[in-house]
Amino acid sequence: MPIRTQIGIVGAGPAGLLLSHLLARAGIDCVIIESRTRDEIEGTIRAGVLEQWTVDLMNRMGLGERMMREGHFHRGITLQFDRQRHHLDFEDLTDGKKVTVYAQHEVIKDLVAARLAGGGQIIFGVSDVKLEAIETDSPRIKFRRGADGAQEEIACDFIAACDGFHGPGRQAIPAQVRNEFQKIYPFGWLGILTEAPPSWHELIYSNQDEGFALLSTRSDTVQRMYIQCDPADKIENWSDDRIWGQLHKRLEIADGWKLTEGKIFQKGIIGMRSFVCEPMRHGNLFIAGDAGHIVPPTGAKGLNLAAADVLVLSRALRSWYRYRNAELFDSYSATCLDRIWKGERFSWYMTTMLHKNPQETSFEQKIHLADMKYVVSSRAASQALAENYVGLPIDIDDV
Ligand code: FAD
Ligand code: DHB
């Protein structure tokens, strides 16, 4: 007997989990399948920064209690170049919006716990996932529990593929109707978690001779830091001493400020790409989040764009089940892509401005320096950066 539900969701990342909560609030039934275990998804270190509306949405849905208690709320960010720091005060530059630092895996823990407590179904550790009959009114998801369980089936009205960049969701859209836009950057990020107190009161995005560095935080005792590196490099080539050496150089300033070191207990290298798939719907399949688009992490946009997609999708599904109105299905892709391309632009802009690109000319490097100087000296320019960083306007009043 197949599992029968209204919406079959593939992937329990931020997109899939948030969608399940939005649907539950609208009285729509769903089942999530996830290829990894609960421990794995709750332990994967990724994003850190939430846009203001994402925070507001979590609170509105009663999911923000721990975030408000344990998250870090900053007035803005610091931009660093020429060994000098410049505070951009987002609260002042926007209408009071803040930067919230609350790790993605903490968001995941909160969303999973609340969904299970609310009677939601999440099937962890599935394999061999296939999306079938997506062009019909009865799409199906086939899967196995664990690596070699018997094949099972979810029979649903719609499939939401929230299965990240490498999942099968996007590939289920026929190649002839899929348009993909991509840019691969010739640098990556080496990220660490370290047991140390905060060294600065807000995030520092620094572009110095040796390359980019980002100082972020997780708690009063754990800090998150990144340095630009060769994306093909092996983490084994980076001893703790070498990492600290580079962090010191890239965050150094003229006034003698010192970065506080600690024990490094997690480190890894990620590549960087910009990617968009158009359209994000085919028949009764909808793709959302990293399944449809990737941004380089410099603008802290990925999770937030994923959240915006599923907000749009939940509205379309609600409109269908309440009024049998399919209009929002037809506009789903275009509505999401409008915000996505603005997020792509901002992430590309921040990435290009703040990194040392070995393939660029000295002319382009000078342009980036001029850009940073412009941002910190012009209220209009810093306001444009602030508006994008805290999140472009989005309406959540109907949730
Ligand atoms: P994912 O989080 O990738 O979730 C997809 C889920 O689907 C996964 O759990 C996966 O296991 C599952 N899955 C895959 N295939 C299958 C299958 N066949 N069957 C079932 N399940 C499947 N974003 C921000 O907004 N702010 C930041 O500060 C930020 N910083 C970042 C820093 C780093 C170092 C990195 C790597 C990313 C950062 N991001 C940031 C981006 C953010 O992490 C992603 O955009 C976000 O995870 C996207 O959520 P998602 O739910 O779409 O996809
Ligand atoms: C973090 C990640 C980002 O990509 C970013 O722009 C800011 C902070 C973080 O992991 O803390």
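The values are calculated or read from the model by the stated rules, or taken from the named source; none is laboratory data. What you are looking at is a predicted structure, and each value in this text was computed from that prediction instead of being measured. Ideal geometry is used to build each Cβ from the backbone, glycine not excepted, and the neighbour counts take in all protein chains shown. We work out accessible area using only protein heavy atoms, side chains counted, and drop any ligands, DNA or RNA first. Shrake-Rupley method; radii C 1.70, N 1.55, O 1.52, S 1.80 Å.
Are any residues in the stretch 30-76 polar (S, T, N, Q) and away from ligand 2 (no atom under 16 Å from the Cβ), and if so, which ones? Reasoning before the result, please.
Quick first cut of the stretch 30-76, residues polar (S, T, N, Q) only: 35, 37, 44, 52, 54, 59.
Listed by number, the residues that qualify are SER35, THR37, ASN59.
Return the pair list, or none, for Cβ contacts closer than 7 Å from residues in the stretch 357-386 that are without any contact (Cβ under 8 Å) to a residue 24 or more places away in the chain to residues that are open to solvent by less than 30 Å² (accessible area, probe 1.4 Å), at least 6 apart or on different chains.
ASP371/MET353; TYR374/ALA381; ALA381/VAL375
Would it be correct to say that PHE275 is in contact with a helix residue (DSSP H, G or I) (Cβ under 6 Å, 6 or more places away or on another chain), of a type in the set (Phe, Trp, Tyr) and either surrounded by fewer than 20 Cβ atoms within 10 Å (Cβ to Cβ) or modelled with pLDDT of 95 or more (or both)? Even if it seems obvious, please write down each step before you answer.
Details: in contact with a helix residue (DSSP H, G or I) (Cβ under 6 Å, 6 or more places away or on another chain): no; of a type in the set (Phe, Trp, Tyr): yes; either surrounded by fewer than 20 Cβ atoms within 10 Å (Cβ to Cβ) or modelled with pLDDT of 95 or more (or both): yes.
Here the answer is no, as PHE275 does not meet what is asked.
Can you name the strands (runs of 3 or more DSSP E) wholly within the stretch 177-244 that have at least 1 residues being over 23 Å from ASP290 (Cα atoms) and within 16 Å of ligand 1 (Cβ to nearest atom)? Quick ask: steps written out before the conclusion?
Details: elements: 179-184, 188-195, 204-208, 211-217, 222-229.
The qualifying strands (runs of 3 or more DSSP E) are 188-195, 204-208, 211-217, 222-229.
Could you check, for the stretch 145-156, whether at least one of its residues is crowded, with 18+ Cβ neighbours inside 10 Å and more than 30 Å from MET372 (Cα to Cα)? Break it down stepwise before answering.
Narrowing the stretch 145-156 to residues crowded, with 18+ Cβ neighbours inside 10 Å: 154, 156.
After this cut, where a residue has to be more than 30 Å from MET372 (Cα to Cα) as well, the list is 154, 156.
Scanning the stretch 145-156, I find at least one residue that is crowded, with 18+ Cβ neighbours inside 10 Å and more than 30 Å from MET372 (Cα to Cα), so the answer is yes.
So ALA213 ticks every box in (1) crowded, with 21+ Cβ neighbours inside 10 Å; (2) closer than 30 Å to ASN284 by Cα but one. Which box is left unticked?
Going through the list (1) crowded, with 21+ Cβ neighbours inside 10 Å; (2) closer than 30 Å to ASN284 by Cα, ALA213 breaks only (2).
Out of everything in the stretch 157-176 that is closer than 17 Å to ALA133 by Cα and of a type in the set (D, E, K, R), what residue ends up being farthest from ligand 1 (Cβ to nearest atom)?
ASP157
Test LYS301 against the criterion of being assigned by TED's automatic domain parsing to the domain that holds TRP348 and among the charged types (D, E, K, R), and give yes or no.
Values: assigned by TED's automatic domain parsing to the domain that holds TRP348: yes; among the charged types (D, E, K, R): yes.
Yes; evaluated as a whole, the condition is true for this residue.
Only one of these is of a type in the set (A, V, I, L, M), out of contact with any helix residue (DSSP H, G or I) (no Cβ under 6 Å at 6 or more places or on another chain), under 23 Å from GLU91 (Cα atoms) and in contact (Cβ under 8 Å) with a residue 12 or more places away in the chain: LEU247, LEU203. Name it.
LEU203
Look through GLY96, GLY76 and report the one residue that is over 29 Å from GLY146 (Cα atoms) and in contact with a helix residue (DSSP H, G or I) (Cβ under 6 Å, 6 or more places away or on another chain). Outline the logic, then answer.
Numbers: GLY96 fails: in contact with a helix residue (DSSP H, G or I) (Cβ under 6 Å, 6 or more places away or on another chain).
One residue alone meets the criteria, GLY76.
For the stretch 36-57: of the residues being open to solvent by less than 10 Å² (accessible area, probe 1.4 Å) and more than 10 Å from ligand 1 (Cβ to nearest atom), which is farthest from the chain's Cα centre (by Cα)?
LEU57
Would you say ILE159 is more than 30 Å from MET353 (Cα to Cα) and either surrounded by 15 or more Cβ atoms within 10 Å (Cβ to Cβ) or of a type in the set (A, V, I, L, M, F, W, C) (or both)?
It is true that ILE159 is more than 30 Å from MET353 (Cα to Cα) and either surrounded by 15 or more Cβ atoms within 10 Å (Cβ to Cβ) or of a type in the set (A, V, I, L, M, F, W, C) (or both).
Cβ contacts < 8 Å: first residue basic (Lys, Arg), restricted to the stretch 284-308; second residue away from ligand 2 (no atom under 12 Å from the Cβ), any location; separation 6+ or different chain. Result?
LYS301/GLY343
Could you look through the stretch 206-232, keep only residues that are away from ligand 2 (no atom under 13 Å from the Cβ) and hydrophobic (A, V, I, L, M, F, W, C), and pick out the one that is nearest to MET68 (Cα to Cα)?
Of the stretch 206-232, the ones away from ligand 2 (no atom under 13 Å from the Cβ) are 207-211, 220-221, 229-232.
Retained after the next criterion (residues that are hydrophobic (A, V, I, L, M, F, W, C)): 229, 232.
Details: CYS229: 34, ALA232: 38 Å.
Selected residue: CYS229.
Please go through the stretch 90-108 and pick out each residue that is touching a residue at least 60 places away in the same chain (Cβ under 8 Å) and more than 16 Å from ligand 2 (Cβ to nearest atom).
Let us first name the residues in the stretch 90-108 that are touching a residue at least 60 places away in the same chain (Cβ under 8 Å), namely 90, 93-94, 97-99, 101, 103-105, 107-108.
Matches in the stretch 90-108: LEU93, THR94.
Assigned to a strand (DSSP E or B), closer than 19 Å to ASP163 by Cβ and more than 10 Å from ligand 1 (Cβ to nearest atom) - does that describe any residue in the stretch 5-21? Steps first, please.
Going residue by residue through the stretch 5-21, those that are assigned to a strand (DSSP E or B) are 7-10.
After this cut, where a residue has to be closer than 19 Å to ASP163 by Cβ as well, the list is 7-10.
Now drop any that are not more than 10 Å from ligand 1 (Cβ to nearest atom), which leaves 7-8.
Scanning the stretch 5-21 turns up at least one residue that is assigned to a strand (DSSP E or B), closer than 19 Å to ASP163 by Cβ and more than 10 Å from ligand 1 (Cβ to nearest atom).
This table checks each residue for (1) modelled with pLDDT under 95; (2) in contact with a strand residue (DSSP E or B) (Cβ under 9 Å, 6 or more places away or on another chain); (3) farther than 30 Å from ASP240 by Cβ.
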| residue | (1), (2), (3) |
| --- | --- |
| ILE134 | no, yes, yes |
| PRO139 | no, yes, yes |
| CYS162 | no, yes, yes |
| ALA175 | no, no, yes |
| LYS183 | no, yes, yes |
| PRO197 | no, yes, no |
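Sort out which residues of the stretch 24-35 are open to solvent by 50 Å² or more (accessible area, probe 1.4 Å) and either under 13 Å from ARG115 (Cα atoms) or hydroxyl-bearing (Ser, Thr, Tyr) (or both), and write them in order of number. If you could, list the steps in order and put the result at the bottom.
The initial filter retains those residues of the stretch 24-35 that are open to solvent by 50 Å² or more (accessible area, probe 1.4 Å), namely 25, 27, 29, 35.
Result: ARG25, ASP29, SER35.
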